[in-house]
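Read the structure below first, then the notes.
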Amino acid sequence: MNTSRCNTCGEKAVIFMRQHRLPLCKTHYLEWFIEQSERAIKKYGMFTHHDKILVAVSGGKDSLSLWDVLWRLGYQADGLYINLGIDGEDHYSLQSKNYTVSFAAERNLNLHIFDVAAETGKNIIQLYKQSQRRKGRPCSVCGVVKRHIMNETTRNYQYNVLATGHNLDDEAAVLFSNTLSWSVEYLARQFPVLEEEEGFARKVKPFCRFYERESAAYALLRGINYIEEECPFSDNSTSLYYKRLLNQLEDAQPGTKIRFFSNFIEARKKGALFQAPESEKVVLNPCPVCGQPTGSSGKCYYCRITAPTVVENNDDFPPDVMSFG
Ligand code: Q46
Ligand code: ZN
Ligand code: ZN
């Protein structure tokens, strides 16, 4: 097989996807990427052209590519950018916001901007310091805050569904982590679609079958300007470590990641795998402050960490391993 020539037209290939044994030129890669996105949306019944979709956008390649693809496919997709206020040397939040705002303006798309510091009085680092979880990185607090805001915005503005740009590398790393610890409750919830339930909006991940390099190639070839730097706190994270391990396996055996994830999803679809026992299911109550569902008997964790006083109890702190972070 000539891997340097496009499989469709014979022109010079710009990408070779080893797991599919598929070389493609720029034109046919962009077409292939959009077709595959549409296929995943239909395969899992994610949404239709009648639905109002909210895309969580971070300014990175995955979420902006997702928004671009949905826009090109004619879906009604608005964006939500959450300004976390992470402004170290690289001005990460400022830069990522600028990329997102320019992207939306160029395409005349609607963008909601939620500014954490303006809304709660503190940026994500300050909320983290106040939360008593001062060791390590602010990611667990950040995950709670982002999930809360995404859910609230989806519901308050009556979007039918929240779409996130998680790719196969993200999903495989989460699956790997949850499998290593046999976190049955989280394994039972990992799927490309999470249906609406008890105050939680419907969530979908249309890019869950794309390798990270595929969404990066799409953004690059499409000419999307995105923030290339990762959040400064993502360095040395466990998820990055698992991604590196999975990449080593993938190098040795192309297709490992897609098989690992797809075979799990197929088994989940048959309903045979990882049903969390009824006795272990978390009972959810509405938070007395914001009304969102919480496993706690009082205020939800978001309301406690965004309150001006220090959090007293971290017993029900959600772990990092949840799919939507
Ligand atoms: S934004 Fe937030 Fe991530 Fe940065 S602080 Fe951690 S969780 S790494 S996706
Ligand atoms: Zn071609
Ligand atoms: Zn609350």
### Message
Can you tell me which condition Asp235 does not meet? The list is (1) acidic (Asp, Glu); (2) modelled with pLDDT of 95 or more; (3) surrounded by fewer than 16 Cβ atoms within 10 Å (Cβ to Cβ), and all the others hold.
### Response
(2)
### Message
Of the conditions (1) over 18 Å from Gly60 (Cβ atoms); (2) at pLDDT 90 or above, Ser131 satisfies every one except a single condition; which number is it?
### Response
(2)
### Query
With respect to Asn178, is the statement that it is farther than 26 Å from Met150 by Cα, in a helix (DSSP H, G or I) and not assigned by TED's automatic domain parsing to the domain that holds Ser37 true?
no
### Query
Just checking, how many residues over the stretch 31-52 are within 16 Å of ligand 2 (Cβ to nearest atom) and under 26 Å from Thr256 (Cβ atoms)?
5
### Task
Return only the number of the condition from (1) under 21 Å from Ile41 (Cβ atoms); (2) assigned to a loop (DSSP other than H, G, I, E, B); (3) at pLDDT below 95 that Arg209 does not satisfy.
(3)
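Kindly indicate which of Glu119, Glu38 is within 16 Å of ligand 3 (Cβ to nearest atom), of a type in the set (D, E, K, R) and on the phi < 0 side of the Ramachandran plot.
On the way: Glu38 fails: within 16 Å of ligand 3 (Cβ to nearest atom).
Just one listed residue meets the conditions, Glu119.
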### Query
For residues in the stretch 13-26 being modelled with pLDDT of 95 or more and in a loop (DSSP other than H, G, I, E, B), which is nearest to ligand 2 (Cβ to nearest atom)?
Cys25
### Message
Quick check on my filter: what residues within the stretch 134-176 are of a type in the set (S, T, N, Q) and either at pLDDT 95 or above or closer than 19 Å to Phe47 by Cβ (or both)?
### Response
Asn151, Thr153, Thr154, Asn156, Gln158, Asn160, Thr164, Asn167
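Go through the stretch 92-101 and report how many residues are within 20 Å of Lys129 (Cα to Cα) and surrounded by fewer than 24 Cβ atoms within 10 Å (Cβ to Cβ).
Taking the stretch 92-101 and keeping what is within 20 Å of Lys129 (Cα to Cα), we get 92-93.
Next cut, surrounded by fewer than 24 Cβ atoms within 10 Å (Cβ to Cβ) only: 92.
Matching residues across the stretch 92-101 total 1.
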### Task
Could you check Glu119 against (1) closer than 20 Å to Ile149 by Cα; (2) of a type in the set (D, E, K, R); (3) within 14 Å of ligand 1 (Cβ to nearest atom) and say which number it fails?
(3)
### Query
Any chance the stretch 252-274 includes a residue that's crowded, with 18+ Cβ neighbours inside 10 Å and outside any helix (DSSP H, G or I)?
yes
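When you scan the stretch 159-167, do you find a residue that is of a type in the set (Ser, Thr, Tyr), assigned to a loop (DSSP other than H, G, I, E, B), over 16 Å from the mean Cα position of the chain (by Cα) and closer than 30 Å to Asp51 by Cα, even just one? Working first, answer last.
Quick first cut of the stretch 159-167, residues of a type in the set (Ser, Thr, Tyr) only: 159, 164.
Filter once more, so that each one left must be assigned to a loop (DSSP other than H, G, I, E, B): 159, 164.
Remaining after also requiring over 16 Å from the mean Cα position of the chain (by Cα): 159.
When the remaining residues are screened for being closer than 30 Å to Asp51 by Cα, the result is 159.
Yes, that holds for at least one residue.
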### Of all residues in the stretch 268-296 being modelled with pLDDT of 90 or more and not polar (S, T, N, Q), the one that is farthest from ligand 2 (Cβ to nearest atom)
Pro288
### Message
Let me spell it out: the conditions are (1) at pLDDT 95 or above; (2) within 16 Å of ligand 1 (Cβ to nearest atom); (3) assigned to a loop (DSSP other than H, G, I, E, B), and Gly10 meets all of them except one. Which number is the exception?
### Response
(2)
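The values are calculated or read from the model by the stated rules, or taken from the named source; none is laboratory data. If you're wondering where the values come from, they're calculated on a predicted model, not measured in any experiment. Neighbour counts are summed over all protein chains in view; Cβ atoms, including those assigned to glycine, are modelled from backbone coordinates with ideal geometry.
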